[in-house]
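Input: a single structure, listed below in structure tokens.
The values are calculated or read from the model by the stated rules, or taken from the named source; none is laboratory data. These numbers were taken from a predicted model, which means no experiment stands behind them. No Cβ is skipped: glycine too gets one built from the backbone with ideal geometry, and neighbour counts run over all protein chains shown. Accessible surface areas use protein heavy atoms only, side chains included; no ligands, DNA or RNA. Shrake-Rupley method; radii C 1.70, N 1.55, O 1.52, S 1.80 Å.
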Amino acid sequence: MFGRLLANVSQRAPSLLSRVLLTMKPQVVFVLGGPGAGKGTQCSKIVENYNYTHLSAGDLLRAERAREGSDVGQLIANYIKDGKIVPVEITIGLLKKAMEETMEKDEKMCSFLIDGFPRNEDNLAGWNRVMDGKADVKFVLFFDCNNEICITRCLERGRSSGRTDDNRESLEKRIQTYQQSTRPIIDLYETQGKVRTVDASRSVDQVFADVKAILDKEG
Ligand code: ADP
Ligand code: C5P
Ligand code: MG
């Protein structure tokens, strides 16, 4: 009787284990869009309403820039001011660490909004190299917003953000980087049917209504 019970359990154990592992595998939504499209604003609202952790690649890079003793602080500062994309070795390390720390604190917190990544081919290659098989990319949430609105919003934000790149000179470069390097990544995901596009030129609440509809459908 006991033997049969044990055999039953051991037979079921692998599937139970793999199911647990499966649910613990990080589930990722990449959040993309031009500078000022409203990625951060919408991610904050998602976190209020859904069980996601928001990780902004830009925020992580700014924190590393400010960290005393960082070997790459000055490099990051230069890239940010120039609107260029920091080499992925740096960014992926910060993202991976933040994901691991989140899940170590609470293993159920395995859904992530990764905001502002992957922004170019180097970012994407780095993700595939380091995270392939370790996380599932569910879809890309794309905040579609024209350049004029993006620039206006960033300049407005620049009045109080203290950011070194919310000025006209940096913004021109950021928009150029977005068009030349990030749009092709969004297009690539589009060919895989993985992009969920939201018209981000409208009010915060109108945009969020569409975001909600997407998340309610897709988790
Ligand atoms: P991103 O993270 O994409 O760069 P943010 O969320 O930081 O963009 O938003 C950029 C600026 O625009 C912020 O000052 C924010 O308050 C404002 N903003 C965000 N979404 C909207 C919106 N839908 N309409 C008007 N202003 C917005
Ligand atoms: O997303 P956010 O506007 O905060 O990004 C600010 C800057 O951080 C970018 O213009 C870029 O210089 C840097 N960044 C990066 N790689 C990323 C995300 C941000 O180099 N994946
Ligand atoms: Mg942002």
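Scan ARG129, ARG62, ARG119, ARG67 and give me the residue that is out of contact with any helix residue (DSSP H, G or I) (no Cβ under 6 Å at 6 or more places or on another chain), within 12 Å of ligand 2 (Cβ to nearest atom), at pLDDT 95 or above and open to solvent by 30 Å² or more (accessible area, probe 1.4 Å).
Step by step, each of ARG129, ARG62, ARG119, ARG67 is checked, and only ARG62 is out of contact with any helix residue (DSSP H, G or I) (no Cβ under 6 Å at 6 or more places or on another chain), within 12 Å of ligand 2 (Cβ to nearest atom), at pLDDT 95 or above and open to solvent by 30 Å² or more (accessible area, probe 1.4 Å).
Within the range 159-195, how many residues are buried (at least 18 other Cβ atoms within 10 Å of the Cβ) and of a type in the set (Lys, Arg)?
1
Which residue pairs have Cβ atoms closer than 7 Å, lie 6 or more positions apart in sequence or on different chains, and pair a first residue in the range 169-195 that is farther than 16 Å from CYS145 by Cα with a second residue that is assigned to a helix (DSSP H, G or I) and open to solvent by 50 Å² or more (accessible area, probe 1.4 Å)?
The qualifying pairs are SER170/LYS81.
Only one of (1) free of Cβ contacts under 8 Å to residues at least 60 places away in the same chain; (2) out of contact with any Cys (no Cβ under 9 Å at 6 or more places or on another chain); (3) of a type in the set (D, E, K, R) is not met by ASP166, so which one is it?
(2)
If we scan the range 71-79, do we find a residue that is of a type outside the set (Lys, Arg), more than 21 Å from ARG174 (Cα to Cα) and open to solvent by less than 60 Å² (accessible area, probe 1.4 Å)?
no
Among the helices (runs of 4 or more DSSP H) contained in the range 20-132, which hold 1 or more residues that are within 16 Å of ligand 1 (Cβ to nearest atom) and over 25 Å from ASP144 (Cα atoms)?
In the range 20-132, the matching helices (runs of 4 or more DSSP H) lie at 57-66.
Considering only residues that are of a type outside the set (A, V, I, L, M) and surrounded by 20 or more Cβ atoms within 10 Å (Cβ to Cβ), which ones fall in the range 140-152?
PHE142, PHE143, CYS145, CYS150
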